[in-house]
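Working notes, beginning with the structure itself.
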Amino acid sequence: MRSEHPAITVARSPEQDGTRSATAVAHPNIALVKYWGKRDERLMLPWTDSLSMTLDVFPTTTRVRLGPAAGRDEATLDGAPATGEALRRITAFLELVREMSGSDRRAVVESTNTVPTGAGLASSASGFAALAVAAAAAYGLDLDATALSRLARRGSGSAARSVFGGFAVWHAGRDAGTDADADRCSYAEPVPTADIDPALVVAVVDAGPKSVSSREAMRRTVGTSPLYRPWAASSSQDLEEMRAALRRGDLAAVGEIAERNALGMHATMLAARPAVRYLSSATVTVLDCVLRLRRDGVPAYATMDAGPNVKVLCHRTDAERVAEAVRGAAPRASVLVAGPGHGARLLSEGT
Ligand code: DP6
């Protein structure tokens, strides 16, 4: 059995009270049991538990520098000033950090993303996990990994899981009574796994931004899709089976559960009114290729998020063969092999 327990502790000490800038890095994660639907948008509480693998590709590096109390927060994303909804989300997040730290200083955020933003590759997960770690350090908060996961969740739900490396489960915290209890009970933590030597072959069939944000798509699905409740109910069964499959190191079972959970999630969106359809003809081409690989005896299983791109779970030893097959089937796709990556961590702190 192996389980990752990253020790991210952002400690506050008198010496560090002079700290006014911090840089952190985080990686995206791909959910094998999906998060789709919030029961509380303000607190970012999901209806269901979810489980993911953090990747070793597409890191986001974020620097937070504190400025004066007057004025407003500023942010650049890949060198371009953040505006509109992106800036609003960052500012709302920093507001939370200011409340927790008792500081009223504004911040300058510089974030560099290596994942195509908005293409269903969870750039918000790596983005808010890195921002949580960097902002907590810059504002001098004393947070352990669980508290950082709770904090990252408030920026983007899936970011709660990117605080951890390898496989992580995010608890919905639905048994909690009050808002404060629910907030405390909803965080991610590492999942014990036998070594399944996993790889995710990422097929980017379209790197453009998505037509409907995942936030809006979730809202519409929960509000209008007759398939949402049945999927949410089956998802908790999927999670139990997924945990057991990971514990015994059964990649085929992990893959089967992940594929059915993802297809079910997309079915809920297709049944929303109006429908949300992220899957494209190129997605289906890759799905057919995955089926052929399985028929040829290669354990390979597909999952898709809020976009047309496909991630294929397989053994690392089969990853090149799977990648070649996907390149053959979808020559315009850009295909790369990812493995399990580390959790979010602080790179540097300064004044
Ligand atoms: C399909 O975490 O991006 O990737 O919480 O509204 O920021 P917000 O949404 P986000 O949604 C991710 C949805 C998903 C599934 C998953 O990662 O579990």
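Between the amide H of L347 and those of T23, A24, V25, distances stay under 5 Å, these residues lying 5 or more places away or on another chain, with hydrogens modeled in the peptide plane. Counting only aspartates and glutamates at least 8 places from K210 when in the same chain, those with an alpha carbon closer than 12 Å to its own are D305. Taken along its three principal axes, the alpha carbon spread of the stretch 198-338 comes to 42, 37, 23 Å, from the longest extent down to the shortest. Of the solvent-accessible surface of the stretch 20-194, computed with a 1.4 Å probe over protein heavy atoms with every protein chain present, carbon and sulfur atoms account for 51 percent. With respect to the chain, whose longest principal axis is taken over its alpha-carbon atoms, helix 251-270 is tilted by about 80°. Its relative contact order, with pairs defined as Cα atoms under 8 Å and 6+ residues apart, puts the chain at 26 percent.
Can you work out the base-10 log of I(q)/I(0) for the stretch 168-269 at q = 0.13, 0.15, 0.22 1/Å, using the Debye formula on its C-alpha atoms alone? These q points yield log10 I(q)/I(0) values of -0.66, -0.87, -1.30.
Report, to one decimal in Å, the Kirkwood hydrodynamic radius for the stretch 134-206 based on all distinct Cα pairs. Numbers along the way, then the final one.
On the way: mean 1/r = 0.0716 Å⁻¹.
Every distinct Cα pair counted, the radius reaches 14.0 Å.
Near G341, the amide H atoms lying under 5 Å from its own belong to T54, L55, D56, G166; only residues 5 or more places off or on other chains count, and H is placed 1.01 Å from N. Just flag the trypsin sites (Lys or Arg not before Pro) in the stretch 284-346 sitting in loop per DSSP whose Cβ has no more than 13 other Cβ atoms within 10 Å. Passing sites in the stretch 284-346 are R332. Principal-axis analysis of the Cα atoms of the chain puts helix 123-138 at an angle of about 20° to the longest axis. Here the chain is treated with +1 on each Lys and Arg Cβ and -1 on each Asp and Glu Cβ, and its dipole about the Cα centre works out to around 780 debye. Accessible surface computed residue by residue for the chain, with neighbouring protein chains in place and a 1.4 Å probe, gives 41 Å² per residue.
Tilt of helix 228-248 relative to the longest C-alpha principal axis of the chain, in degrees (0 to 90, nearest 10)? Here the helix axis deviates by roughly 90 degrees. Per 10 Å bin, what is the whole-percent P(r) computed from every C-alpha pair distance within the chain? Pairs per bin, as whole percents: 6, 26, 35, 23, 9, 1, 0. Each label was represented as a point 7 Å from its Cα along the Cα-to-Cβ direction; for D56 and D197 these points are 1.3 nm apart.
If you filter the stretch 137-215 for trypsin sites (Lys or Arg not before Pro), then keep DSSP loop positions with at most 16 other Cβ within 10 Å, what is left?
On the way: sites: R150, R153, R154, R161, R174, R184, K210, R215; in loops: R174, K210.
When the trypsin sites (Lys or Arg not before Pro) of the stretch 137-215 are filtered for loop state and at most 16 Cβ neighbours within 10 Å, R174 remain.
Between R42 and D144, the modelled label-to-label distance comes to 2.9 nm, taking each label 7 Å out from Cα in the direction of the beta carbon.
Inverting the mean 1/r over all pairs of different Cα atoms, compute the Kirkwood radius of the stretch 105-234 and quote it in Å. Walk me through the numbers before you get to the answer.
Numbers: mean 1/r = 0.0593 Å⁻¹.
Averaging 1/r across every pair of different Cα atoms and inverting gives 16.9 Å.
Report the relative contact order of the stretch 198-338, percent, no decimals, based on alpha-carbon pairs under 8 angstrom and at least 6 residues apart.
Numbers: 207 pairs, mean separation 58.2, N = 141.
Averaging sequence separation for qualifying contacts and normalising by length gives 41 percent for the stretch 198-338.
Coupling constants for the stretch 307-314 follow from the phi torsions by the Karplus curve (6.51 cos²θ - 1.76 cosθ + 1.60, θ = phi - 60°), and in residue order they are x, x, 6, 10, 10, 10, 7, 7 Hz; glycine and proline get x. Converting phi to 3J(HN,Hα) with the Karplus coefficients 6.51, -1.76 and 1.60 and the offset θ = phi - 60°, the stretch 334-351 yields 9, 10, 9, 9, 10, x, x, x, 7, x, 5, 8, 7, 9, 7, 9, x, 10 Hz in sequence order, with x at every glycine or proline.
The values are calculated or read from the model by the stated rules, or taken from the named source; none is laboratory data. Fair warning: this is a prediction, and the values are worked out from it, not measured in the lab. As a convention, Cβ positions derive from the backbone with ideal geometry for all residues, glycine included, and neighbour counts pool all protein chains shown. Ligands, DNA and RNA are excluded from the accessible area calculation, which covers all protein heavy atoms including side chains. Shrake-Rupley method; radii C 1.70, N 1.55, O 1.52, S 1.80 Å.
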